[in-house]
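S.K.: Provided herewith is a single structure, encoded as structure tokens, for subsequent inquiry.
The values are calculated or read from the model by the stated rules, or taken from the named source; none is laboratory data. Quantities reported herein were computed from a predicted structural model and do not represent experimental measurements. Note that we place each Cβ from the backbone using ideal geometry, even for glycine, and neighbour counts take in every protein chain shown.
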Amino acid sequence: MKTLYVLVLAAFLPLAATAQGTAEASSSTEADIPVPFGPQSAADVVFGDLLYIKRPVVVFADSPNDPNYVRQMELLLQDLPSLESRDVILIVDTDPGAKTEWRLKLRPRGFSLVLMDKDLAPVIRKPLPWEVREITRAIDKFPLRRQEVLERNPAGR
């Protein structure tokens with residue numbers, strides 16, 4: 001079990017350093033928006049601040065030792081640039097006793113992966129881990145994502 005803690009810590013340590021460097025480099029106008037990438041604690045992210053700015057992908061678990069949670073985080077950390085290009089913010093909540101705003105609004109039971117669109121409506125809920133490829137394909141089918149793609153490439157109609 002101690003090896004599992006070491007592996008999880010080793011996986012998140014480089015992300016913490018990168019996120020800290022990104023936060024220091026951002027301008028003061030972006031200070032209200034959370035660091036755009038890397039796992040964010042649900043307690044640190046205000047639900048309403050993300051409206052039409054970021055697309056939340058929320059990972060819930062009853063414990064950081066939950067095998068589904070550990071597997072999901074491994075899968076997500078394998079391809080972070082794909083998620084970043086889709087304006088995703090990765091939010092994790094592994095403490096059901098904390099009663100965070102995210103947990104109260106989304107009401108997960110045990111492990112849960114929730115994909116939300118930029119209007120903060122939950123679109124997909126999954127009780128098992130998903131690979132980044134599956135997540136990005138699902139996000140690409142969201143109405144707001146399709147609209148974004150058409151605005152960037154109008155000839156693609």
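S.K.: Within the stretch 56-70, identify whether any single residue is closer than 19 Å to Lys118 by Cα, among the charged types (D, E, K, R) and either modelled with pLDDT of 95 or more or surrounded by 13 or more Cβ atoms within 10 Å (Cβ to Cβ) (or both), and answer yes or no.
M.R.: The answer is no, given that none of the residues of the stretch 56-70 is closer than 19 Å to Lys118 by Cα, among the charged types (D, E, K, R) and either modelled with pLDDT of 95 or more or surrounded by 13 or more Cβ atoms within 10 Å (Cβ to Cβ) (or both).
S.K.: Next question, about the same structure. Do we find that Arg109 is under 13 Å from the mean Cα position of the chain (by Cα), among the charged types (D, E, K, R) and either at pLDDT 90 or above or not in a helix (DSSP H, G or I) (or both) in this structure?
M.R.: Criteria not met by Arg109.
S.K.: Another question about this same structure. Among the residues of the stretch 133-149, what is the count of those that are β-branched (Val, Ile, Thr) and either surrounded by fewer than 13 Cβ atoms within 10 Å (Cβ to Cβ) or more than 11 Å from Val57 (Cα to Cα) (or both)?
M.R.: 1
S.K.: Tell me which residues, restricted to the stretch 88-125, are of a type in the set (D, E, K, R) and surrounded by fewer than 17 Cβ atoms within 10 Å (Cβ to Cβ).
M.R.: Of everything in the stretch 88-125, those that are of a type in the set (D, E, K, R) and surrounded by fewer than 17 Cβ atoms within 10 Å (Cβ to Cβ) turn out to be Lys99, Glu101, Lys105, Arg107, Arg109, Asp119, Arg125.
S.K.: Which members of the stretch 81-106 meet the condition of being within 13 Å of the chain's Cα centre (by Cα) and not β-branched (Val, Ile, Thr)?
M.R.: Scanning the stretch 81-106 gives Pro81, Ser82, Leu83, Glu84, Ser85, Arg86, Asp87, Leu90, Asp93, Trp102.
S.K.: Return the pair list, or none, for Cβ contacts closer than 7 Å from residues in the stretch 128-157 that are at negative phi to residues that are of a type in the set (Asp, Glu), at least 6 apart or on different chains.
M.R.: Close Cβ pairs satisfying both conditions: Val132/Asp79; Phe142/Asp117; Leu144/Asp117; Leu144/Asp119.
S.K.: Take the residues in the stretch 56-100 that are part of a helix (DSSP H, G or I) and hydrophobic (A, V, I, L, M, F, W, C); name whichever of them is nearest to Lys141 (Cα to Cα).
M.R.: Among them, the one singled out is Leu83.
S.K.: Can you pull out the residues in the stretch 62-109 that are closer than 20 Å to Leu50 by Cα and out of contact with any Pro (no Cβ under 9 Å at 6 or more places or on another chain)?
M.R.: Within the stretch 62-109, Leu80, Pro81, Ser82, Leu83, Ser85, Arg86, Lys99, Thr100, Glu101, Leu104, Arg107 meet the criteria.
S.K.: Conditions first: (1) farther than 22 Å from Glu74 by Cα; (2) modelled with pLDDT of 95 or more; (3) small (Gly, Ala, Ser). Ala138 passes all but one, so which condition is the exception?
M.R.: (1)
S.K.: Just wondering, is there one or more residues in the stretch 76-97 that are over 30 Å from Arg152 (Cα atoms) and in contact with an Asp or Glu (Cβ under 7 Å, 6 or more places away or on another chain)?
M.R.: Yes, the stretch 76-97 has at least one match.
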